[in-house]
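Before any comments, here is the structure.
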Amino acid sequence: MNANLATVTIDVILDRHSAKEVPTAILHSILFHRLFGTVKPQTFEVLDVTMPGVSDPEMEQLVTEKVDIFWKGIESGANKRGQIIVTFSEKKAKKSWFQVYVGEEEVPWEQWIVNVEMRQPKSEDRQEFNANIASTLLKALNVMLTHTSSERGRTAVPLITNASGISPFPIKIAVKVGGVELG
């Protein structure tokens, strides 16, 4: 693993009502801040918090697919904790022992870890629970803005050598529930 890998962690506590829309908004916001191609913006309104997002069919499908896998994993098991991990990599020449070029490898340069815990609040606690989720979303946005505009966040980004498409860097979104990677 890359020793210089920048890692950003966001912790979220959700319930069944917010289990899809909150992770979707968070993933879209991460992508919005880290896709360096031409991005068509969109917004997500979640509990009166406006989150930026990316209006791109491929990215929307990727996010929806991963959030659905996460939701199914949480619903089908006893474990109510999981992670959605977004990894940005760069392609580098892979060389063999004698410095002979043997293709390309993806070297991660930044990872966003969204830790999610599912809870079921009592109906009388719903308003407070939703307020806490809204507060968490605002904190998550603050973390994204602070990191991506910081010296460390800016220097983590490799030189962009291929400016075609929505992202010059490979993106992987992994889903783990109870420590086990799904789908």
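Give the residue that is farthest from Thr148 (Cα to Cα), with candidates limited to residues of region 12-62 that are of a type in the set (S, T, N, Q) and not in a loop (DSSP other than H, G, I, E, B).
Residues of region 12-62 of a type in the set (S, T, N, Q): 18, 24, 29, 38, 42-43, 50, 55, 61.
Still in the running and not in a loop (DSSP other than H, G, I, E, B): 24, 29, 42-43, 50, 61.
Numbers: Thr24: 19, Ser29: 12, Gln42: 19, Thr43: 19, Thr50: 18, Gln61: 24 Å.
Going through the qualifying residues, I end up with Gln61.
Looking only at region 95-130, count every residue that is touching a residue at least 60 places away in the same chain (Cβ under 8 Å) and open to solvent by 20 Å² or more (accessible area, probe 1.4 Å) and tell me the total.
At the first step, the residues of region 95-130 found to be touching a residue at least 60 places away in the same chain (Cβ under 8 Å) are 106-121, 129-130.
Still in the running and open to solvent by 20 Å² or more (accessible area, probe 1.4 Å): 106-108, 111, 113, 115, 117-121, 129-130.
Total satisfying the criteria: 13.
Which ones in region 63-91 are assigned to a helix (DSSP H, G or I), polar (S, T, N, Q) and over 14 Å from the mean Cα position of the chain (by Cα)?
Let us first name the residues in region 63-91 that are assigned to a helix (DSSP H, G or I), namely 63-76.
Filter once more, keeping what is polar (S, T, N, Q): 64, 76.
Hit for region 63-91 is Ser76, nothing else.
Report yes if some residue within region 165-182 is over 18 Å from the mean Cα position of the chain (by Cα) and not in a loop (DSSP other than H, G, I, E, B); otherwise report no.
no
Return yes when Ile133 is closer than 24 Å to Ala25 by Cβ, part of a strand (DSSP E or B) and touching a residue at least 24 places away in the same chain (Cβ under 8 Å) and no when it is not. Before you say what the answer is, go through the steps one by one.
Details: closer than 24 Å to Ala25 by Cβ: yes; part of a strand (DSSP E or B): no; touching a residue at least 24 places away in the same chain (Cβ under 8 Å): yes.
Criteria not met by Ile133.
Here's a check for you: in region 70-92, which residue that is of a type outside the set (Ser, Thr, Tyr), over 18 Å from Phe169 (Cα atoms) and out of contact with any helix residue (DSSP H, G or I) (no Cβ under 9 Å at 6 or more places or on another chain) is surrounded by the most Cβ atoms within 10 Å (Cβ to Cβ)? Spell out how you get there, then give the answer.
Let us first name the residues in region 70-92 that are of a type outside the set (Ser, Thr, Tyr), namely 70-75, 77-86, 88, 90-92.
Filter once more, so that each one left must be over 18 Å from Phe169 (Cα atoms): 70-75, 77-84.
From the residues that got through so far, the ones that are out of contact with any helix residue (DSSP H, G or I) (no Cβ under 9 Å at 6 or more places or on another chain) too are 72-75, 77-78.
Values: Lys72: 14, Gly73: 19, Ile74: 22, Glu75: 12, Gly77: 13, Ala78: 5.
Among those residues, the one meeting the criterion is Ile74.
Report yes if Val67 is touching a strand residue (DSSP E or B) at 6+ places or on another chain (Cβ under 8 Å), surrounded by fewer than 12 Cβ atoms within 10 Å (Cβ to Cβ) and β-branched (Val, Ile, Thr), otherwise no.
Numbers: touching a strand residue (DSSP E or B) at 6+ places or on another chain (Cβ under 8 Å): yes; surrounded by fewer than 12 Cβ atoms within 10 Å (Cβ to Cβ): no; β-branched (Val, Ile, Thr): yes.
So Val67 does not fit the description; no.
Does region 27-64 hold any residues that are exposed (fewer than 14 other Cβ atoms within 10 Å of the Cβ), of a type outside the set (S, T, N, Q) and under 23 Å from Val116 (Cα atoms), and which are they?
Within region 27-64, Glu45, Asp48 qualify.
Do we have Lys94 as among the charged types (D, E, K, R) and more than 14 Å from the chain's Cα centre (by Cα) here? It would help to see each step written out before you state the result.
On the way: among the charged types (D, E, K, R): yes; more than 14 Å from the chain's Cα centre (by Cα): yes.
Criteria met by Lys94.
The values are calculated or read from the model by the stated rules, or taken from the named source; none is laboratory data. Everything numeric in this text was worked out from a predicted model, so none of it was measured. Please note: Cβ atoms are built from the backbone with ideal geometry, for glycine as well, and neighbour counts cover all protein chains shown. The accessibility values were calculated without ligands, DNA or RNA, using every heavy atom of the protein model including side chains. Shrake-Rupley method; radii C 1.70, N 1.55, O 1.52, S 1.80 Å.
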